[in-house]
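Written out below as structure tokens is the structure these notes cover.
The values are calculated or read from the model by the stated rules, or taken from the named source; none is laboratory data. This one's a predicted model, so the numbers in the text were calculated from it and none came from an experiment. We place every Cβ from the backbone using ideal geometry, glycine too, and count neighbours over all the protein chains shown. To get the accessible areas, we keep the full protein, side chains included, count just its heavy atoms, and leave off ligands, DNA and RNA. Shrake-Rupley method; radii C 1.70, N 1.55, O 1.52, S 1.80 Å.
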Amino acid sequence: MKSRSGNEAFWKDLHILETLKGGGIYLVVKIAGSIGAYFFAWYVSKAYGAAGNGVFAFVLTAAVLLASFFNLGLNTYTVKLLPAYKAQNNPGGIRAFYHRALTTVAGVTFAGSGILILLSFLMSNESFSRDLYLIGCATIPVSILLFISHVYKARQRIFGFSMLQNNVIQVLALLILVIPVWDRSSTNEPVWAFIVAGVGLCIAGWGMIPSIHGEQTPISKTEFRLHIRESLPMLAGGMAFIVLNLTDRFMLRFLDSTTQLGIYDVALRLSNLTLLGIMSLNAVAEPKFAQLHAENDPTKLRSFAGRITWMGIVVSIPVIGLLGFFPDFWLGLFGTGEDFLVGGSTLRILLLGQALSVSCGAVLVLLNMTGHQRSVQTILFTCATLNIILNFLLIPWWGIDGTAWATAFSTLVWNVWGLWIIRKKLGFWMWG
């Protein structure tokens, strides 16, 4: 009887139903985008080799890192702030903040990318000059899309948010790349196809944001500075998280080879398939956490967090098992011959880290949305430093396997640390 009533309460929970609906939309788009992105990686690997995939992976990694910095934390802060404006029935404030924040992000992005492009012409090393120029160009659409997509998330327009992700850009890039105007001789071509696709999505995303164009409530410079001050800890935490996740590829590029980076990138892409389910849930759960915290309802917050955690475990663990038992099959789909099969042990190590992360739930998302962004900042800065040290020590000894072990161990540390902070400051465990 108790189990039945618990099930009824679960399915009658409006927040859970909205999360399942939004998460389902995100999951469908994410799966379709991921399939397209894997076809993109497959095509690039076939047409341009592991080195071509390595160039694209390095440029995209750097562009994502810079885009996060150029957003000044405003993308994550928007997810927290706009629900508060909505609760105050202040659509004019939403519009004013959106336009002011977008102008700021775009200005910083164009200035920063322009500096990179100018520096690329001053470098004597042809390879680094090329990479820096491509990074400067690619960062512009990635940065602007990062902010616009979070506006969709804050407005709980999950389909729009889903369509503005990097995977979808890669689908469009694939369609552009197969047009017979490329000579297939330069490893730069996949990057340029990605840039063209990103610019197109920027234009579409800006024009289709719902209810964002209209009368605005004036926002003073002082008030906006306060918003910036609140967003900066989120910038610091977000940058540390990006560094934590991208350090492996950066350090492989400089401590090993572009070819090894290409192999590791494919293994990482495969391991990230396990996160599709939990990412879909978190895309909707993030503004829900902010809403329940703003409503000062710790009981519902605890219940919602626990249910989301268990749902993430249920949808992710089977995928981890499927990839972990047959790594050679999945890696054999890429490249020619057996080039990518050396990444089998790397894939298994990365899957171990993903299993640990999924089991702990969305710890950092919850902390960010409940006013503990400074704790998140401390956790991520420490773990990013740890990850850099581990990569520096392990790559010379074990190559891409060393990178995978550094990633898995750092993942374990920040998840366990986050669980402890939630227990200490919010008074519950993520499993409900």
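Residues checked against (1) among the polar types (S, T, N, Q); (2) in contact with an Asp or Glu (Cβ under 7 Å, 6 or more places away or on another chain); (3) farther than 26 Å from GLY54 by Cα:
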{"residue": "ILE278", "(1), (2), (3)": "no, no, yes"}
{"residue": "GLU295", "(1), (2), (3)": "no, no, yes"}
{"residue": "SER303", "(1), (2), (3)": "yes, no, yes"}
{"residue": "VAL314", "(1), (2), (3)": "no, no, yes"}
{"residue": "VAL319", "(1), (2), (3)": "no, no, no"}
{"residue": "PHE329", "(1), (2), (3)": "no, no, no"}
{"residue": "LEU333", "(1), (2), (3)": "no, no, no"}
{"residue": "LEU341", "(1), (2), (3)": "no, yes, no"}
{"residue": "GLY344", "(1), (2), (3)": "no, yes, no"}
| query | Using beta carbons and a limit of 8 Å, which pairs, at least six apart or on different chains, have the first residue in the stretch 374-389 and more than 17 Å from THR76 (Cα to Cα) and the second one of a type in the set (S, T, N, Q)? | reply | CYS383/SER410; ALA384/THR247; ALA384/SER410; LEU386/SER410; ASN387/THR247; ASN387/THR407; ASN387/SER410; ILE388/THR247
| said: What are the pairs with Cβ atoms under 7 angstrom where one residue, in the stretch 119-131, is closer than 18 Å to PHE250 by Cβ and the other, located anywhere, is in a loop (DSSP other than H, G, I, E, B)? Sequence gap at least six, or different chains. | reply: SER129/MET123; ARG130/ASN188
| field | Residue identified as touching a residue at least 24 places away in the same chain (Cβ under 8 Å) and closer than 23 Å to ILE400 by Cα among ALA305, ALA355 | value | ALA355
| request: Specify which of the listed residues (VAL59, VAL151) is surrounded by 24 or more Cβ atoms within 10 Å (Cβ to Cβ), closer than 22 Å to TRP192 by Cα and at pLDDT 80 or above. | output: VAL59
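Of all residues in the stretch 154-181, which are more than 15 Å from ALA37 (Cα to Cα), surrounded by fewer than 17 Cβ atoms within 10 Å (Cβ to Cβ) and hydrophobic (A, V, I, L, M, F, W, C)?
Correct list: PHE159, ILE179, VAL181.
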| request: Could you tell me whether any residue of the stretch 397-404 is surrounded by fewer than 21 Cβ atoms within 10 Å (Cβ to Cβ), small (Gly, Ala, Ser) and in contact with a helix residue (DSSP H, G or I) (Cβ under 7 Å, 6 or more places away or on another chain)? | output: yes
| query | Residue check: is ASN391 within 20 Å of the chain's Cα centre (by Cα) and at pLDDT 85 or above? | reply | no
| Criterion (surrounded by 15 or more Cβ atoms within 10 Å (Cβ to Cβ), assigned to a helix (DSSP H, G or I) and out of contact with any Leu (no Cβ under 8 Å at 6 or more places or on another chain)) met by exactly one of GLY52, GLY114, GLY107 | GLY52
| field | Lone qualifier among LEU322, LEU347 - being assigned to a helix (DSSP H, G or I), out of contact with any strand residue (DSSP E or B) (no Cβ under 8 Å at 6 or more places or on another chain), at pLDDT 85 or above and open to solvent by less than 20 Å² (accessible area, probe 1.4 Å) | value | LEU347
